[in-house]
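Derivation of every value follows stated rules applied to the coordinates shown; laboratory data play no part. Please read these numbers as outputs of a predicted model, since none were measured by experiment. Because the Cβ atoms are built from the backbone with ideal geometry, glycine has one as well, and the counts that use them run over all protein chains shown.
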Amino acid sequence: MNSNKKWISLLLTMILTVSLAACGTSLTNSAGLTNSAGSASSTSSAESVDASQYILKLGHCWAVEDNFHIAATKMADEVYEKTNGAVKIDIYPASQLGSTTEQIEAVVNGYQDIAGDAINTLDSYEPLADIESYPWLFESEEQALALLDSDLCDELLAEIGGDNFVILGAQYRGARMLQTTKPVYKLADLKGLKLRTASMPILNFPWEYLGCATTTMSFNEVYAGLQQGTVEGQENPLQTSYVSGLSEVEKYVMNTQHVYGIVGYFFSKKVFDSLPAEYQTIIREAADASAKWRNEVQIANEAEYVQLFIDAGCTYIEVEDLDEWKTTLAPALEKEFPHLQPWVSRIKEFCASM
């Protein structure tokens, strides 16, 4: 009888061991990061999860065709290669980890390592982040690119990141342009236009002041909103709109170029600082390299996406009185966003010195 009990006990132990192995294991390294042998999704070139000491989770809201996702993948691949597989960045596109707001909160609260989006999405943690979307801050994409490659930009991003984030790989997202289902030729045409904006005041207030009937909604709801007539327009860089299919439901593109967008990778400061200095350097260099690639490609893509919208049946409109939009809005922006004015002045001085 005792012999039978021993055999049964041994059999149960073997079954339990196999079951645990099949479910995967989770090990936490000395830096507090998690190594998982489970089924994480990744777009990097990593071949073996088990070989990595540090596995970082990066999430963003854009489609896999978007240049941000491609740039992030390039960064992840370079980091994996140059750390000999010790650092692996798993990428979750298209809001798989939640909305941008939810992902940024997850980074702050320690549930996610990296989020990626426009700099202005950090404004709930640091209001200075709104500077990224200050209308007509730059007169050209060349000015925006020059800032990205400057010490002034490094200082600005460090101030925005504060105690929560290390912002790396700042890159040019493209010029935001007004896109609608009804034509806008001049300022008066904005009156009553049902325009979708993001929730940040810097993206909502200017259009409301210029006469639009603004409404906020998540970007993944915009297609249906335009299709159903809930909104009559939205404003984003053309590539972001095109790869999301919005050329199918929009009819007009206005060459407003009101914001030269900047995006980046928002690393948890706690996580980043816990990495060995050697790996921090590799990540910084890989992030910068991916941003340089993105900047070059984005400039080349600008005219291409204008043509893609035209080919899709949209009309491209040169706004008649764009200077009036700027002069009408400028004093209102100064009054509404006084906290941004010191940096507005510094950036404009930088651009004027070019």
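Computed quantities for the displayed model
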item: GNM flexibility winner over the chain from 170, 71, 300 (Cα, springs under 10 Å); result: 300
item: Interchain or long-range residues, amide H under 5 Å from residue 321's placed H; result: 187
item: Residue 328-residue 311 pseudo-label distance in nm [points 7 Å out on the Cα-to-Cβ vector]; result: 3.5 nm
item: Karplus-derived 3J(HN,Hα), 6.51/-1.76/1.60, for each residue of segment 172-182, Hz, glycine and proline x; result: 6, 8, x, 7, 5, 10, 6, 9, 9, 9, 9
item: Contour minus Cα-Cα distance for residue 218 and residue 278 (0.36 nm per residue); result: 17.7 nm
item: Backbone HN-Hα couplings from phi across segment 313-321 [Karplus 6.51/-1.76/1.60, Hz, Gly and Pro as x]; result: x, 8, 9, 9, 10, 8, 5, 6, 10
item: Qualifying lysines (Cα of each under 27 Å from Cα of residue 88; at least 8 residues distant if same chain); result: 57, 74, 269, 270, 292
item: Placed amide H near residue 174: partners under 5 Å, 5+ positions off or other chain; result: 261
item: Distance between segment 206-272 and segment 99-175 - C-alpha centres, whole angstrom; result: 17 Å
item: Cα-centre dipole for the chain with unit charges at Cβ (Lys and Arg positive, Asp and Glu negative), debye to 20; result: 1400 debye
item: 29 Å Cα-Cα reach of residue 194 towards lysines, excluding residues that sit fewer than 8 places from it in its own chain; result: 182, 186, 251, 326, 335
item: Additional length obtainable on full extension of the chain from residue 159 to residue 320, 0.36 nm per residue less Cα span; result: 54.2 nm
item: Per-residue ³J(HN,Hα) for segment 329-344, Karplus 6.51 cos²θ - 1.76 cosθ + 1.60, θ = phi - 60°, Hz, x for Gly and Pro; result: 7, 3, x, 5, 5, 4, 6, 7, 10, x, 5, 8, 4, x, 6, 4
item: Prolate/oblate/rounded call for segment 207-292, Cα gyration tensor, a/c under 1.5 rounded; result: prolate
item: Expected 222 nm ellipticity per residue - DSSP helices of 4 or more, -39500 (n - 2.57), all of the chain, to 500; result: -14000 deg cm²/dmol
